[in-house]
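Encoded as structure tokens, the structure appears first; notes follow it.
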Amino acid sequence: MEAYTEIREAVAKLCAGFPGPYWRALDREMAYPTEFVAALTESGYLSVLIPEDYGGSGLPLSAAAAILEEVQRAGCNGGACHAQMYTMGTLLRHGSEAQKAAYLPAVAEGRLRLQAFGVTEPSSGTDTGSLKTTARRDGDHYVINGQKIWTSRAEHSDLMLLLARTTPRSEGMKRTDGLSVLLVDMREAIGNGLTIRPIRTMMNHATTEVFFDNLRVPAENLIGEEGRGFRYILSGMNAERILIAAECVGDAKWFIDKAKTYASERSVFGRPIGANQGVQFPIAKAYANMRAAELMVREALSLYESGANPGAEANMAKMLAADASFEAANACIQTHGGFGFAEEYDIERKFRETRLYQVAPISTNLILAYLSEHVLGLPRAY
């Protein structure tokens, strides 16, 4: 698999222009990193997966993973824009030629932002088949009613991929049948049936809840076939988990670099604290677990790019990388002692940011339940 050395170096150089003080200022105000996202967009990094015919680079998922890993390794936060990479897969694979021609060149150029992914609901969580948001066909439109939660970047996106129920559930019907994907133009929808309410969280993540009240969306914005939306979303979920795993590997590398540098430079009792095994070993263990997670990410990427359906590998990559980044974060704080909690070191900010991935986009327990049932053949837990 290609290392993308030149891309990594270029991303690192770009990120150097957005150092800790930039992110700290945003963190205090819970503000969106508009300048950073614009720089990534202008450099073409957010359109690497878009085919060249539509103005992108036409690179495989491993290139996107390399970009996001380097963003995190540099101490930046790709969570502000990573969704554009994995949401567009649904449009790329299942959208019509007319839809792709209408939207992808504008996304590649940065004229349109495809950052919002409307799936999760307050009452269903990861139980996607139980979602209650409905899209009822009315002539040449769908009329949408319902609510989504944890819809990140909705305030900073022009387009939203929305999963809604177009066929009511009935006896004998699979829970995930009857769901459809619609591409919502949020510029037209806000104030005309779409309301966005920000949710303040422990990290600066720009997430929201979204309300639909008789929102009318043109029927031509239906992606693929009506009722098959869950299958379309699933293919994007594997990409999402792999890319977030790559981000966690980048976070782990950042924490490990911080910890080993400080342990080498900080002297107490006449010698560097890194000479003590009580300091060394947690950092070394975090490094070993980061490398193991990194290899699982590569395995998942290799399978994904070969056309396989790496559900187990994508889930394991995400879980192992999230565990590795959180372990590295803990080791980094412990190495720094009190300074690890000081804002100016950026460790507490990155600690809060990487903690999210124990829970999102899918919790560790649900990954374990998936592996138990679908890989190990144990009885279904949920």
| Selected residue (criterion: most open to solvent (accessible area, probe 1.4 Å)) from residues of region 258-285 that are under 20 Å from Ala324 (Cα atoms) and touching a residue at least 40 places away in the same chain (Cβ under 8 Å) | Lys285
| Under the condition of being more than 14 Å from the chain's Cα centre (by Cα) and touching a residue at least 60 places away in the same chain (Cβ under 8 Å), which residue from region 77-93 is farthest from Leu182 (Cα to Cα)? | Arg93
| request: Within region 205-241, count every residue that is in a loop (DSSP other than H, G, I, E, B) and more than 12 Å from Ala164 (Cβ to Cβ). | output: 4
| query | Which condition number does Asp140 fail, the rest of (1) surrounded by fewer than 16 Cβ atoms within 10 Å (Cβ to Cβ); (2) touching an Asp or Glu at 6+ places or on another chain (Cβ under 6 Å) being met? | reply | (2)
| Which of the residues spanning region 321-332 are open to solvent by 20 Å² or more (accessible area, probe 1.4 Å) and over 16 Å from Ala360 (Cβ atoms)? | Glu327, Asn330
| task | Go through (1) closer than 28 Å to Ala329 by Cβ; (2) over 14 Å from the mean Cα position of the chain (by Cα); (3) of a type in the set (Asp, Glu) and name the single condition Glu69 misses. | result | (2)
| query | Given Gly224, Gly229, Gly236, which one is of a type outside the set (Val, Ile, Thr), touching a Phe, Trp or Tyr at 6+ places or on another chain (Cβ under 7 Å) and farther than 27 Å from Ala3 by Cβ? | reply | Gly224
| request: Give the residue that is nearest to Thr195 (Cα to Cα), with candidates limited to residues of region 139-177 that are part of a loop (DSSP other than H, G, I, E, B) and β-branched (Val, Ile, Thr). | output: Thr151
| query | What do you reckon, is Arg136 more than 20 Å from the chain's Cα centre (by Cα), more than 30 Å from Ser57 (Cβ to Cβ), of a type in the set (Lys, Arg) and outside any loop (DSSP other than H, G, I, E, B)? | reply | yes
| field | The lone exception for Met160 - which of (1) at pLDDT 95 or above; (2) more than 16 Å from the chain's Cα centre (by Cα); (3) not charged (D, E, K, R) it fails | value | (2)
| query | Does region 111-122 contain any residue that is part of a helix (DSSP H, G or I) and either of a type in the set (Lys, Arg) or open to solvent by less than 10 Å² (accessible area, probe 1.4 Å) (or both)? | reply | no
| Tally time: how many residues in region 290-325 are among the basic types (Lys, Arg) and under 16 Å from Ala369 (Cβ atoms)? | 1
| For the subset of region 345-382 comprising residues that are in contact with a helix residue (DSSP H, G or I) (Cβ under 8 Å, 6 or more places away or on another chain) and among the β-branched types (Val, Ile, Thr), which member is surrounded by the fewest Cβ atoms within 10 Å (Cβ to Cβ)? | Val375
| query | Does any residue in region 312-340 that is farther than 30 Å from Gly236 by Cβ come within less than 9 Å, Cβ to Cβ, of a residue that is open to solvent by 50 Å² or more (accessible area, probe 1.4 Å) and not in a helix (DSSP H, G or I) six or more places away or on a different chain, and which pairs are these? | reply | Thr335/Arg266; His336/Arg266; Gly337/Arg266; Phe339/Arg266
| Of Arg175, Arg216, which residue is open to solvent by 40 Å² or more (accessible area, probe 1.4 Å), over 24 Å from Tyr304 (Cα atoms), touching a residue at least 12 places away in the same chain (Cβ under 8 Å) and touching a helix residue (DSSP H, G or I) at 6+ places or on another chain (Cβ under 6 Å)? | Arg175
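Going by what's in this entry, would Glu42 be described as touching a residue at least 60 places away in the same chain (Cβ under 8 Å), over 13 Å from Glu70 (Cα atoms) and among the acidic types (Asp, Glu)?
Numbers: touching a residue at least 60 places away in the same chain (Cβ under 8 Å): yes; over 13 Å from Glu70 (Cα atoms): yes; among the acidic types (Asp, Glu): yes.
Considered against the rule, which asks whether it is touching a residue at least 60 places away in the same chain (Cβ under 8 Å), over 13 Å from Glu70 (Cα atoms) and among the acidic types (Asp, Glu), Glu42 comes out as yes.
Among the residues that make up region 220-228, is at least one of them among the hydrophobic types (A, V, I, L, M, F, W, C), within 22 Å of Gly311 (Cα to Cα) and buried (at least 18 other Cβ atoms within 10 Å of the Cβ)?
No, region 220-228 has no match at all.
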| request: Looking for whichever is closer than 22 Å to Met160 by Cβ, open to solvent by 10 Å² or more (accessible area, probe 1.4 Å) and either part of a helix (DSSP H, G or I) or among the acidic types (Asp, Glu) (or both) here; the options are Ala12, Ala25, Ala39, Ala98. Which one fits? | output: Ala98
| field | Residue list for region 50-73, filter: surrounded by fewer than 22 Cβ atoms within 10 Å (Cβ to Cβ) and not in a helix (DSSP H, G or I) | value | Pro51, Gly55, Gly56, Ser57, Gly58, Leu59, Pro60
| Hits in region 239-253 - residues which are surrounded by fewer than 24 Cβ atoms within 10 Å (Cβ to Cβ) and under 16 Å from Phe351 (Cα atoms) | Lys253
| said: Under 7 Å between Cβ atoms, which residue pairs at least 6 apart in sequence (or on different chains) link something in region 98-126 that is more than 15 Å from Ala83 (Cα to Cα) with a partner that is polar (S, T, N, Q)? | reply: Glu121/Thr133; Glu121/Gln147; Pro122/Gln147; Ser124/Ser130
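The values are calculated or read from the model by the stated rules, or taken from the named source; none is laboratory data. Owing to the predicted nature of the structure, the values given are computational and were not obtained by experimental measurement. Glycine also receives a Cβ, built like all others from the backbone with ideal geometry; neighbour counts cover every protein chain displayed. Ligands, DNA and RNA are stripped out before the accessible areas are found, and what is left, the full protein with its side chains, is counted by its heavy atoms. Shrake-Rupley method; radii C 1.70, N 1.55, O 1.52, S 1.80 Å.
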